[in-house]
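Working notes, structure below.
Since every read-out is calculated from the coordinates, none of them should be taken as a lab result. Please read all numbers here as calculations on a predicted model, not as lab measurements. Backbone-built Cβ (ideal geometry, glycine too); neighbour counts: all protein chains shown.
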Amino acid sequence: MGMFKNMIKISIDIPYENYTVYPTVSITKDAIINYCIKENIDFEFLENNSDNNMQVKLDNKLYEILRFNAGRGGYGIKCRPV
């Protein structure tokens, strides 16, 4: 099971308090930090990629951070594996 789990690339939806406010860099980092502490995940923020999207390592796996309009007046934060 361990090898299979490492092969799966799963995006992570990051919850944050006021989803009706666009997640600024500060809101995004705070939400990811809170999520990682709650889920006991090691994290490290990296420089932005060539598309100027934020990047983070979660448990030593590289993720691109996407901030998006989720519809119905709300926004979302997603960490997508690279």
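Tabulated values for the structure
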item	result
Sites excluded, GluC sites (Glu not before Pro) in DSSP loops with at most 16 other C-beta within 10 Å, longest stretch of the chain	48-82
Mean Cα-pair separation over length for the chain, i.e. relative contact order, pairs under 8 Å, 6 or more apart, %	33 percent
Long-range amide H partners of PHE43 with built H, under 5 Å	ASP59
Where trypsin sites (Lys or Arg not before Pro) fall in DSSP loop in the chain, at most 14 other Cβ within 10 Å	LYS9, ARG72
Top positive-direction residue, dipole computed over the stretch 20-69 with Cβ charges, set LEU66, THR20, ASN53	THR20
Helical mean residue ellipticity (222 nm; -39500 (n - 2.57) per DSSP H run of 4+; nearest 500) of the chain	-7500 deg cm²/dmol
Intensity falloff of the chain expressed as log10 I(q)/I(0), Debye formula with alpha-carbon point scatterers, at q = 0.11, 0.22 Å⁻¹	-0.29, -1.07
